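The values are calculated or read from the model by the stated rules, or taken from the named source; none is laboratory data. In this text, all values refer to a predicted model and were calculated from it rather than measured experimentally. Neighbour counts are summed over all protein chains in view; Cβ atoms, including those assigned to glycine, are modelled from backbone coordinates with ideal geometry. Each accessible area value is taken on the protein alone, full model and side chains, heavy atoms only, with ligands, DNA and RNA left out. Shrake-Rupley method; radii C 1.70, N 1.55, O 1.52, S 1.80 Å.
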Amino acid sequence: MNQRQVTFVEAVKMALQQNYCNFEGRSSRSEYWWFVLFNFILSAVISLVFSFSQTVELIMSGVVSLALLLPGLGLAVRRLHDTGRSGWWLFLALIPIVGAIILLIWMIQPSQEHPNQYGPEPNVM
């Protein structure tokens, strides 16, 4: 089966509308990384637009970070599910440097090409 790569806009819509607090199922590699890029761009825009006041920038960054926390965690858990791992592995991020490197490697891995215990392969054509 061929997995369809979602676009930037599709990935953001899926994360913020369809799966806002969803921690079940699987999400594709493209869906995850497009949302990571969206977070990065949004952070950069906030830093540029509100650079006149460090306090306003800090408040806006905090509000946006809180709004995107649950969809980001849900997406990370679903991405781990897509590689055949439990979402509890996300706690590896608490281990300095090593945990982040391990998670990065797992997030880069391709999807399992068959249904696993977390559901069918996402975005199949």
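Is one or more of the residues making up segment 97-120 in a loop (DSSP other than H, G, I, E, B) and more than 30 Å from residue 2 (Cβ to Cβ)? Spell out the reasoning first.
Restricting attention to segment 97-120, the residues satisfying the condition of being in a loop (DSSP other than H, G, I, E, B) are 97, 109-115, 117-118, 120.
With the extra rule that they be more than 30 Å from residue 2 (Cβ to Cβ), the set shrinks to 97.
Looking through segment 97-120, at least one residue is in a loop (DSSP other than H, G, I, E, B) and more than 30 Å from residue 2 (Cβ to Cβ).
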Please work out if residue 18 is more than 11 Å from the chain's Cα centre (by Cα), within 20 Å of residue 3 (Cα to Cα), loosely packed, with under 11 Cβ neighbours inside 10 Å and of a type in the set (S, T, N, Q).
yes
Given (1) in contact (Cβ under 8 Å) with a residue 24 or more places away in the chain; (2) assigned to a helix (DSSP H, G or I), residue 6 misses just (2)
Restrict the check to segment 24-35 and report whether at least one residue is in contact with a Gly (Cβ under 8 Å, 6 or more places away or on another chain) and either open to solvent by 70 Å² or more (accessible area, probe 1.4 Å) or free of Cβ contacts under 8 Å to residues at least 12 places away in the same chain (or both).
yes
Cβ-Cβ below 8 Å, separation at least six or inter-chain, first residue in segment 45-74 and without any contact (Cβ under 8 Å) to a residue 60 or more places away in the chain, second open to solvent by 70 Å² or more (accessible area, probe 1.4 Å) and among the polar types (S, T, N, Q): which pairs?
57/51
What do you reckon, is residue 69 open to solvent by 40 Å² or more (accessible area, probe 1.4 Å), of a type in the set (A, V, I, L, M), closer than 27 Å to residue 2 by Cβ and in a helix (DSSP H, G or I)?
no
Restricted to segment 83-125 and to residues being under 13 Å from residue 23 (Cβ atoms) and open to solvent by less than 30 Å² (accessible area, probe 1.4 Å), the residue modelled with the highest pLDDT is 87
